[in-house]
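Student: Here's a structure for you.
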């Protein structure tokens, strides 16, 4: 740092000294703003990633991967064919049975919406086509409006409810 007497004697040096300091502050504020925006966007990205893993696990019929993505709780809820399935164990048993036949999920990522409700809760909505068929039977394609609630746990985002609503035909 220049001594005050030199800054006072040479106004140009003093101006450059101050202007340089302001640039540093502006750059620092821009960096903080970018980091803050990334932190705000992170939950949506994490939820989207969890949903992508859920779809991949479903389509691979990987019950262990599905289990790792469901909330391990008796309060887990999945409504399927108008029937509530309570608890992750009951859901895993149901998925295992469905995997014996045709079971495929094809979400429409262009309409996927994620709403972060709080620090630990998010709602996901996406139109999705289910291809379902019992073993040895022809598969049927049905369009649903998929709704999921996900909770953030120490292990990451977990699906706490699956609420598919049959969509009108297009």
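Student: Length gain on complete extension for the stretch residue 121 to residue 61, per 0.36 nm per residue less the alpha carbon to alpha carbon distance?
Tutor: That works out to 19.0 nm of additional length.
Student: I've got another one for you. Treat the count of other C-beta atoms within 10 Å as a stand-in for reagent exposure and order 79, 128 from fewest to most.
Tutor: Working: 79 14, 128 19.
So the residues, fewest neighbours to most, are 79, 128.
Student: Can you give the Kirkwood hydrodynamic radius for the stretch 104-170, in Å, rounded to one decimal and based on Cα pairs?
Tutor: About 13.2 Å for the stretch 104-170.
Student: Over the stretch 41-170, what per residue volume does the convex hull of the Cα atoms give, in whole Å³? It would help to have the intermediate numbers written out before the result.
Tutor: Numbers: hull volume 13.6 nm³, N = 130.
About 104 Å³ per residue, rounded to a whole number.
Rule-based calculations on the coordinates, nothing more; no lab input. Nothing here was measured: the structure is a model prediction, and the numbers come from that model. Cβ sites come from the backbone with ideal geometry, for glycine too, and all protein chains shown count toward neighbours.
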